[in-house]
Amino acid sequence: HMVTVTAVHGDITRQRVDAIVNAANNAMRGGGGVDGAIHRAGGRAVLDDCIARFPNGLRTGDAGWTTAGDLPATWVIHTVGPNYAAGERDRELLESCYRRALEVADEIGARSVSFPLISAGVYAWPLNDAIDAAVTTIAKTPTRVEEVVLVSFSEDTHRRVQSQVHRLFPPPTEPGSVGQLFDRPPAQMGMRGDAYLWLALRAEFAATPLPSTWFELRPMVVQAAEGIIGAPLAHTDDPIHVPEFDPGHGMSAGNVLPSWWHQTGIPILIDRFEAAQQTNSSEPAEG
Ligand code: ADP
């Protein structure tokens, strides 16, 4: 089976999953950020277990489990991210946190695991690279975990995580949904951000039933796109930069091209919509 990965905006201590991951430090005796929040919400039992099970703390890049105390989760998997601010800048160490945390999850039989964005807070790992390390490492680590949730505290971070998750873990679309029109990417995209927008729209419409006419479909797509990119999809050749679609390499990385949508993207969707309508109407009526 494949792991499903989703992005969530919220507080990791509220997650009802088998295990939540803590961005701990080498001492393993609590700290600030996520670490502080987890120890506060989990109570004394978490600290006692840290002391009992990790008398000498934990090495950077390694992971280990404790009870979750009063938290809704069953376990806390503690991992120590590299402290970028203090000069620990080997990305292998950051990737190791995700890999080791999933190995520990397999050891304890956790099937659902929530992660914070390790090292992206006080340890100051550059945000886009922290997101890339999280999503790509989870994608390539074999695990028996079925559900991974990437929890972001801030709205901006959440939107960035979500667009990277849609890229590597596109959610399934329902039969007869608008999302299905987006299943095959077009042979030629506009700019690099258009590929992200395509996947974001596919996810947004994954369960939305097809409307009956394309007069309804077109504004649905345009409005959703405008909501995602935060700007009007006006008829213009000027690209729109969407920071959430910019993985951090290259100047035009997050750019969306409105003219591509008007001249190519939406016409492709209308063609597919009409093809889907014909398939539906040629099917024998039920009952
Ligand atoms: P590190 O020391 O590894 O950088 P931090 O706890 O400072 O760890 O931050 C890691 C990430 O977790 C940051 O993106 C931060 O905004 C986020 N964060 C902080 N508190 C919470 C929380 N309660 N739930 C989810 N994410 C959180």
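Highest GNM mean-square fluctuation among Gly61, Gly227, Gly190, for the chain modelled with Cα contacts below 10 Å: Gly227. Site pair Leu168 and Asp106 shows an inter-label distance of 1.7 nm when each label is modelled 7 Å from Cα along Cα→Cβ.
Per-atom-type breakdown for the chain gives carbon and sulfur 52% of the accessible area (1.4 Å probe, protein chains only). The simple Förster model, with R0 at 41 Å and r as the Cβ-Cβ distance, assigns Ala234 and Arg14 a FRET efficiency of 0.55.
Report the per residue volume, in Å³, of the convex hull enclosing the C-alpha atoms of segment 1-42. Intermediate values should be presented prior to the final figure.
Details: hull volume 4.4 nm³, N = 42.
For segment 1-42, the hull spanned by Cα atoms encloses 104 Å³ per residue.
For the chain, the solvent-accessible area of protein heavy atoms averages 47 Å² per residue (probe radius 1.4 Å; ligands and nucleic acids excluded).
Efficiency by 1/(1 + (r/R0)^6): what FRET value for Thr208 and Arg29, r their Cβ-Cβ distance, R0 = 51 Å, to the nearest 0.05?
On the way: r = 48 Å, r/R0 = 0.95.
Computed FRET efficiency for Thr208 and Arg29 comes out at 0.60.
At a threshold of 8 angstrom on Cα-Cα distance, excluding pairs fewer than six apart, so keeping six or more, what relative contact order does segment 56-165 reach in percent? Relative contact order of segment 56-165: 24 percent. 3J(HN,Hα) along segment 269-277: 5, 5, 4, 5, 4, 5, 4, 5, 4 Hz, from the Karplus curve 6.51 cos²θ - 1.76 cosθ + 1.60 with θ = phi - 60°, whole Hz, x for Gly and Pro. Computed per residue of the chain from DSSP H runs no shorter than four, each worth -39500 (n - 2.57), the mean residue ellipticity at 222 nm is -12500 deg cm²/dmol.
Provide the FRET efficiency to the nearest 0.05 for the Ala276-Glu226 pair, computing r from the beta carbons and using R0 = 25 Å. It comes out at approximately 0.55.
Relative to the longest principal axis of the Cα atoms of the chain, the long axis of helix 127-140 makes an angle of roughly 90 degrees. With respect to the chain, whose longest principal axis is taken over its alpha-carbon atoms, helix 192-204 is tilted by about 90°. Gain on full extension, evaluated as 0.36 nm per residue between Ala139 and Asp90 minus their Cα-Cα distance, stands at 15.7 nm.
Taken as Cα centroids, segment 1-67 and segment 150-164 sit 19 Å apart, rounded to the nearest whole angstrom.
The values are calculated or read from the model by the stated rules, or taken from the named source; none is laboratory data. Please read all numbers here as calculations on a predicted model, not as lab measurements. Don't worry about glycine lacking a Cβ; one is built from the backbone with ideal geometry, like all the others, and counts go over all protein chains shown. For accessibility, only protein heavy atoms count, side chains too; no ligands or nucleic acids. Shrake-Rupley method; radii C 1.70, N 1.55, O 1.52, S 1.80 Å.
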